[in-house]
Amino acid sequence: MADAGPLSQLVARMVADRQLSAADALAMSARPAAAPDGSEAAVLRWLAAEYELPFSDLEDVDPDKQVLSLFPARILLKEELLPLRRVDGAVEIATSRLFSTQGLDVLKTMTGLRLQPVLAPREAIVREMKKRLGVGADTIDTLAEEGAGFQVVDEGAEDDGDLDSKAEDASIIRFVNQFLKDAIELRASDIHLEPFEDELRIRYRIDGVLQEVPVPAQIKRFQPAIVSRVKILSHLNIAEKRLPQDGRIKVRIEDAEVDIRVSIIPMLHGEAVVMRLLRQNSTLRGMKDLGMDARELSCFQHVLQLPHGIVLVTGPTGSGKTSTLYTALNAINDTERKIITIEDPIEYQLRGVNQIQVNEKSGLTFGRGLRSILRHDPDVILIGEIRDAETAQIAVQASLTGHLVFSTLHTNDAAGACTRLVDMGVEPYLVASSLEAVLAQRLVRVLCKQCKVVDDSPTAQTFKARLGIPASHPTYRSVGCRECRNTGFHGRHAIYEWMDSSNEIRQLILRNASTDEIRDAGRRDGMRTLAEDGWRLVRQGITTVEEVLSVTTAKEVSRSTADGRAGGDASVAELAVDRA
């Protein structure tokens with residue numbers, strides 16, 4: 001046989017896993033055949049041809065739900081077997097273990113059915129089982145059998161102790177661990193457990209979009225026990241089911257530490273749980289990795305060297321504001337500067353930076369913490385968020401007494417930060433003298449590299465003409481594939497709007513000018529809107545028109561298409577509607 005390195009590796013693994021005897025290994029190695037190319041699929045395809053068995057990559061196979069229901073989920077998941085369909089009186093079962101017949105024998109004994117193995121890659125089998133059976137199907141299957149007499153205690157019942165013990169049940173613990181691990185592996189930022197009359201729905205927020213997770217239908221029976229387990233992990237009161245509660249969980253998966261913020265609120269059909277996943281030791285990027293265009297990056301690097309002043313990053317929750325500020329702090333973190341942060345929560349741990357966690361219960365608020373920070377002789381201060389007038393006033397005073405202050409603010413654009421500070425009670429002259437720059441940002445989803453295709457539609461050509469993109473320059477649209485969970489996107493990229501405090505803008509702030517006037521002054525000074533920066537990513541083939549429109553306002557779009565490059569007043573939003 002030719003170079004059969006991949007085959008030899010598979011044989012060795014099968015022997016190590018006791019799927020293959022030494023005699024069978026010798027027989028396999030002696031078979032004359034063309035060597036596979038190295039992938040598991042190629043090796044299994046070769047084995048299927050050698051042993052005259054069917055092979056499937058499961059891409060276009062839709063397993064029969066009725067056939068799937070004939071077999072216990074825990075055995076299917078343990079043995080990695082996926083029932084597909086009935087063919088000529090036999091049930092086809094996908095497996096990647098040709099020589100391990102133990103699982104097939106167990107299923108045959110339990111059901112009395114004739115089983116026909118179909119070779120398929122292990123990854124494809126695991127993916128399809130998770131999709132068809134749901135997360136934690138083996139655990140729920142075990143609970144359903146072991147606890148046939150177990151009944152969930154209704155809210156207000158006296159037998160809460162039984163529910164507490166069920167929350168400590170090994171199967172419930174395993175199920176909660178399973179969906180937490182699954183969410184972290186899928187890069188989810190949030191987990192939603194939502195109770196309805198006849199189901200418990202679990203959804204993950206991935207790349208900013210909620211995606212429903214398949215779960216076993218019988219999971220509704222164990223809803224209170226699952227919520228109780230989450231409460232135990234979060235150090236919350238299990239007996240309290242009428243009031244909202246907040247807690248936190250810290251988990252470690254391999255070398256990754258994840259801090260999980262838990263919020264529980266009573267709903268009509270039970271308690272709903274939302275968990276925010278914060279990866280503690282994520283690798284911080286460099287300034288150039290933020291994806292800023294040359295102007296924005298140059299301006300940002302300039303303000304980092306200022307001795308004092310306020311730099312604000314604005315945007316909605318989950319737009320990457322804190323990550324951007326951490327990247328900035330990391331760039332200026334050296335032995336000559338003392339950097340202190342006060343945050344709620346601390347999302348990253350920075351070596352060499354003094355970080356304070358806000359604790360409202362003990363009285364450590366942003367305002368109180370800031371007053372104490374100023375006594376510690378800092379050079380740079382990071383305030384997690386300016387939430388109230390007290391924090392805003394202290395931040396301004398800190399910047400005026402020789403400190404460089406970074407913070408975040410919830411406004412729609414960069415210009416809105418100026419008027420927002422005035423609305424919070426800070427005197428206009430203080431804002432004008434302390435505010436150095438504002439960075440607004442949003443996150444757009446990045447097109448999946450595996451499945452994106454060039455968009456040659458008439459609407460796309462019209463769009464390119466309106467924005468001055470050459471007709472020959474390709475733009476792309478999303479499709480969807482296995483790699484991106486059929487969303488067409490994988491990961492996110494920031495779009496930015498940088499506004500420096502020029503003399504004109506400072507004068508406008510002193511006159512209590514409107515946001516529109518400040519924005520117009522910023523554009524005269526070279527500021528580009530969020531939408532304009534989004535069109536840059538569209539030109540580069542990173543994202544789509546629809547994605548940019550989903551995170552920018554109609555006002556930004558109209559301004560970005562009303563300049564000389566737009567060639568008219570036509571709305572890009574209307575073009576996007578046509579595309580849809």
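The values are calculated or read from the model by the stated rules, or taken from the named source; none is laboratory data. Only a predicted model underlies this, so the values are computations on that prediction, with no experimental measurement involved. Here the Cβ is made from the backbone with ideal geometry for all residues, glycine too, and neighbour counts use every protein chain on show. All accessible areas refer to the heavy atoms of the entire protein, side chains included, with ligands and DNA or RNA removed. Shrake-Rupley method; radii C 1.70, N 1.55, O 1.52, S 1.80 Å.
Within the set of pairs 6 or more residues apart or between chains, which connect a residue that is farther than 11 Å from ARG276 by Cβ inside the stretch 233-262 to a residue that is open to solvent by 30 Å² or more (accessible area, probe 1.4 Å) and acidic (Asp, Glu) with Cβ atoms less than 7 Å apart?
Here the result reads ILE238/ASP164; ALA239/ASP160; LYS241/GLU155; LYS250/GLU257, each pair linking the stretch 233-262 to a residue that is open to solvent by 30 Å² or more (accessible area, probe 1.4 Å) and acidic (Asp, Glu).
With VAL230, VAL258, VAL215 as the choices, which residue is outside any strand (DSSP E or B), surrounded by 18 or more Cβ atoms within 10 Å (Cβ to Cβ) and modelled with pLDDT under 90?
So the residue among VAL230, VAL258, VAL215 that is outside any strand (DSSP E or B), surrounded by 18 or more Cβ atoms within 10 Å (Cβ to Cβ) and modelled with pLDDT under 90 is VAL215.
I'd like the full set of residues that are surrounded by fewer than 20 Cβ atoms within 10 Å (Cβ to Cβ) and in contact with an Asp or Glu (Cβ under 9 Å, 6 or more places away or on another chain), limited to the stretch 80-110.
Passing the criteria: ARG85, ARG86, PHE99, SER100, GLN102, GLY103, LEU104, VAL106.
Can you tell me which residue within the stretch 261-277, out of those that are aliphatic (A, V, I, L, M) and crowded, with 20+ Cβ neighbours inside 10 Å, is modelled with the lowest pLDDT?
Out of the qualifying residues, it is LEU277.
If we keep just the residues of the stretch 535-554 that are open to solvent by less than 60 Å² (accessible area, probe 1.4 Å) and in contact with a Lys or Arg (Cβ under 8 Å, 6 or more places away or on another chain), which is farthest from GLY208 (Cα to Cα)?
GLY541
Tell me whether the stretch 371-382 contains one or more residues that are of a type in the set (D, E, K, R), under 28 Å from the mean Cα position of the chain (by Cα) and over 24 Å from THR552 (Cα atoms).
No: zero hits.
Does the stretch 74-93 include one or more residues that are part of a loop (DSSP other than H, G, I, E, B), of a type in the set (D, E, K, R) and on the phi < 0 side of the Ramachandran plot?
Within the stretch 74-93, none of the residues are part of a loop (DSSP other than H, G, I, E, B), of a type in the set (D, E, K, R) and on the phi < 0 side of the Ramachandran plot.
Identify all residues within the stretch 465-493 that are of a type in the set (Gly, Ala, Ser), open to solvent by 10 Å² or more (accessible area, probe 1.4 Å) and either in a strand (DSSP E or B) or at positive phi (or both); write none if there are none.
GLY468, GLY480, GLY491, listed by residue number.
What number of residues within the stretch 298-323 satisfy the criterion of being in a helix (DSSP H, G or I), farther than 30 Å from SER263 by Cα and open to solvent by 30 Å² or more (accessible area, probe 1.4 Å)?
Final tally of qualifying residues: 3.
Checking the condition more than 26 Å from the chain's Cα centre (by Cα), hydrophobic (A, V, I, L, M, F, W, C) and either more than 22 Å from ARG368 (Cα to Cα) or assigned to a helix (DSSP H, G or I) (or both), which residue from LEU443, LEU430, LEU439 passes?
LEU430
How many residues does the stretch 16-60 contain that are open to solvent by less than 30 Å² (accessible area, probe 1.4 Å), out of contact with any Pro (no Cβ under 7 Å at 6 or more places or on another chain) and either of a type in the set (A, V, I, L, M, F, W, C) or modelled with pLDDT of 80 or more (or both)?
7
Looking only at the stretch 324-377, which residues are without any contact (Cβ under 8 Å) to a residue 12 or more places away in the chain, outside any loop (DSSP other than H, G, I, E, B) and farther than 17 Å from ILE394 by Cβ?
ASN359
Condition test on THR462, is it surrounded by fewer than 20 Cβ atoms within 10 Å (Cβ to Cβ), among the β-branched types (Val, Ile, Thr) and modelled with pLDDT under 90? Full working, then the answer.
On the way: surrounded by fewer than 20 Cβ atoms within 10 Å (Cβ to Cβ): yes; among the β-branched types (Val, Ile, Thr): yes; modelled with pLDDT under 90: yes.
Here the answer is yes, as THR462 does meet what is asked.
Going residue by residue through the stretch 66-79, is there one that turns out to be buried (at least 19 other Cβ atoms within 10 Å of the Cβ) and among the β-branched types (Val, Ile, Thr)?
No, that holds for no residue.
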